[in-house]
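Colleague: Quick one: this structure, given as structure tokens, is what I'll be asking you about.
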Amino acid sequence: MATDPVCKMEVPEKEMDSIRTKYGTKILFFCSDSCKKNFEKDPSKYT
Ligand SMILES: [Zn+2]
């Protein structure tokens, strides 16, 4: 499991359709598109 950095929910990272983004050398996973959008607005807030 990976942890959504925005809402701290656990996200199964092996699912092919999981919502993810690359941040530096890391791949981050999100529970929803809205969490991904929030992260992309201000990544430094969540890392
Ligand atoms: Zn989330």
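Colleague: For the chain, which GluC sites (Glu not before Pro) are both in a DSSP coil and crowded by at most 11 other Cβ atoms within 10 Å? Display every interim value, and only then the final one.
Modeller: On the way: sites: Glu10, Glu13, Glu15, Glu40; in loops: Glu13, Glu15.
Listed in order of number, the matching sites are Glu15.
Colleague: Still on this structure, I have one more. Can you give me the distance in nm between label points at Glu15 and Thr3, each placed 7 Å from the Cα along the Cα-to-Cβ direction?
Modeller: That separation, rounded to one decimal, is 2.0 nm.
Colleague: Report the accessible area of Tyr46, computed with a 1.4 Å probe over the heavy atoms of all protein chains in place, in Å² rounded to the nearest 10.
Modeller: 50 Å²
Colleague: Give the accessible area for Lys8 in Å² (nearest 10); use a 1.4 Å probe, count only protein heavy atoms, and leave out ligands, DNA and RNA.
Modeller: Taking all protein chains as shown, Lys8 has close to 140 Å².
Colleague: Taking all protein chains in place and a 1.4 Å probe, what share, in percent, of the accessible surface of the chain do carbon and sulfur account for?
Modeller: On the way: 1810 of 3500 Å².
So the carbon and sulfur contribution to the accessible surface is 52 percent.
Colleague: Helix-derived [θ] at 222 nm for the chain: sum -39500 (n - 2.57) over DSSP H runs of at least 4, divide by residue count, nearest 500? The partial results should precede the final answer.
Modeller: Details: 2 runs with 13 residues, N = 47.
It comes out at -6500 deg cm²/dmol, rounded to the nearest 500.
Colleague: Same structure again: Translational D (Stokes-Einstein, µm²/s) of the chain at 20 °C and 1.002 mPa s when Rh comes from the Kirkwood sum over C-alpha pairs? Could the numbers behind the result be given before it?
Modeller: Details: Rh = 10.5 Å.
After rounding, the answer is 205 µm²/s.
The values are calculated or read from the model by the stated rules, or taken from the named source; none is laboratory data. None of these values were measured; they are calculated from a predicted model. Every residue, glycine among them, receives a Cβ derived from its backbone with ideal geometry; neighbour counts consider all protein chains shown. Accessible surface is based on the protein model in full, side chains and every heavy atom, while ligands, DNA and RNA are left aside. Shrake-Rupley method; radii C 1.70, N 1.55, O 1.52, S 1.80 Å.
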